[in-house]
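Structure first, then comments.
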Ligand SMILES: [Zn+2]
């Protein structure tokens, strides 16, 4: 990366066209913590408003697309319950409006039960638990299918995101599988994945695998999702939005997790979830993100610069 500014980046986990991925794997009663029923789908208009915010603030990072969201159907085919045109429109918007700012990635296949590749059926066991028993070969098969589905759907994915703690217990096999699948489907030698969240001094990406000329960067989240709580309350007041934004960065830029990360020579890489921004339909989380980005711009604009995960990957490979 050029210049002396520290990269700041946004991780957006769990998006998918129309299907509300969080609803699909939420507990049996499918309610918010304050007892309201969870919304069971996300309208395309929400994506439009997210894109408006990204374009206005110049936010960059990585954006997941779950290929078989909740096991309900494939994004490159039919998802029962949602018209094909709405799925296509969502994918088109993502490509047209988010690609200039974000690198795309699958978040495994279903973000629910694992898919039995032999039968094509979704099993009860969650994908992350299944992943721990796999080696580099089976993980390569699983990841390749994720990339192929997105490729068929017109989404150029450059890396991977892990649902829950997918791959954390066998990260060496996991990292090699990332490189193998990316070369198999896209012919690329370089790729990245997001799996771990790290705090502490100097937290930034590293090279996790090198094999047969392929290189794989592991990019951690360094700031957890504190916007999540916005889905569990009906409070949408300006004070509430300010209160959450303050956890990240105060108006004067001096306090909060973002300046804290900078103070310990770490890169601020913020993890948020589609459901946090959606806030069960209230979209309070979008307003929080807008406020955070505005403060970053005003208070830290001379010190940090929004970067995509492709940028972070290239920087890591050039400066190891
Ligand atoms: Zn997720």
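The values are calculated or read from the model by the stated rules, or taken from the named source; none is laboratory data. Small disclaimer: the values here were computed from a predicted structure and weren't measured. Cβ coordinates were reconstructed from backbone atoms using ideal geometry, including for glycine residues, and neighbour counts include every protein chain displayed.
In segment 150-164, the residue that is farthest from residue 102 (Cα to Cα) out of those that are in contact with a strand residue (DSSP E or B) (Cβ under 6 Å, 6 or more places away or on another chain) and more than 16 Å from the ligand (Cβ to nearest atom) is 155. Filter segment 1-37 down to residues that are part of a strand (DSSP E or B) and over 30 Å from residue 300 (Cβ atoms) and give me whichever is nearest to the ligand (Cβ to nearest atom). Filtering first and then ranking leaves 19. Of the candidates 184, 176, 188, the single residue that is touching a helix residue (DSSP H, G or I) at 6+ places or on another chain (Cβ under 6 Å), assigned to a helix (DSSP H, G or I), modelled with pLDDT of 95 or more and surrounded by fewer than 22 Cβ atoms within 10 Å (Cβ to Cβ) is 184. When residues in segment 69-111 are screened for being under 16 Å from residue 41 (Cα atoms) and within 14 Å of the ligand (Cβ to nearest atom), 4 of them pass. Just wondering, is there one or more residues in segment 46-59 that are more than 16 Å from the ligand (Cβ to nearest atom) and in contact with a strand residue (DSSP E or B) (Cβ under 7 Å, 6 or more places away or on another chain)? So far as segment 46-59 goes, yes, one or more of its residues are more than 16 Å from the ligand (Cβ to nearest atom) and in contact with a strand residue (DSSP E or B) (Cβ under 7 Å, 6 or more places away or on another chain).
Residue-wise test of (1) assigned to a helix (DSSP H, G or I); (2) surrounded by fewer than 21 Cβ atoms within 10 Å (Cβ to Cβ).
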position: 262; (1), (2): yes, yes
position: 267; (1), (2): no, no
position: 271; (1), (2): no, no
position: 277; (1), (2): yes, no
position: 287; (1), (2): yes, no
position: 291; (1), (2): yes, yes
position: 298; (1), (2): yes, yes
position: 310; (1), (2): yes, yes
position: 315; (1), (2): yes, yes
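From the list 253, 281, which one is at pLDDT 95 or above, touching a helix residue (DSSP H, G or I) at 6+ places or on another chain (Cβ under 7 Å) and more than 27 Å from residue 167 (Cα to Cα)? The match here is 253. Every listed requirement among (1) within 16 Å of the ligand (Cβ to nearest atom); (2) in contact with a helix residue (DSSP H, G or I) (Cβ under 6 Å, 6 or more places away or on another chain); (3) more than 9 Å from residue 216 (Cβ to Cβ) is met by residue 193 save one, (3). Of all the numbered requirements in (1) surrounded by 21 or more Cβ atoms within 10 Å (Cβ to Cβ); (2) over 15 Å from residue 89 (Cβ atoms); (3) more than 16 Å from the ligand (Cβ to nearest atom), residue 40 misses one, and that requirement is (1). For residue 167, the conditions (1) in contact with a strand residue (DSSP E or B) (Cβ under 9 Å, 6 or more places away or on another chain); (2) more than 16 Å from the ligand (Cβ to nearest atom) all hold with the exception of (2). Across segment 117-124, not a single residue is classified as within 16 Å of the ligand (Cβ to nearest atom) and in contact with a helix residue (DSSP H, G or I) (Cβ under 8 Å, 6 or more places away or on another chain).
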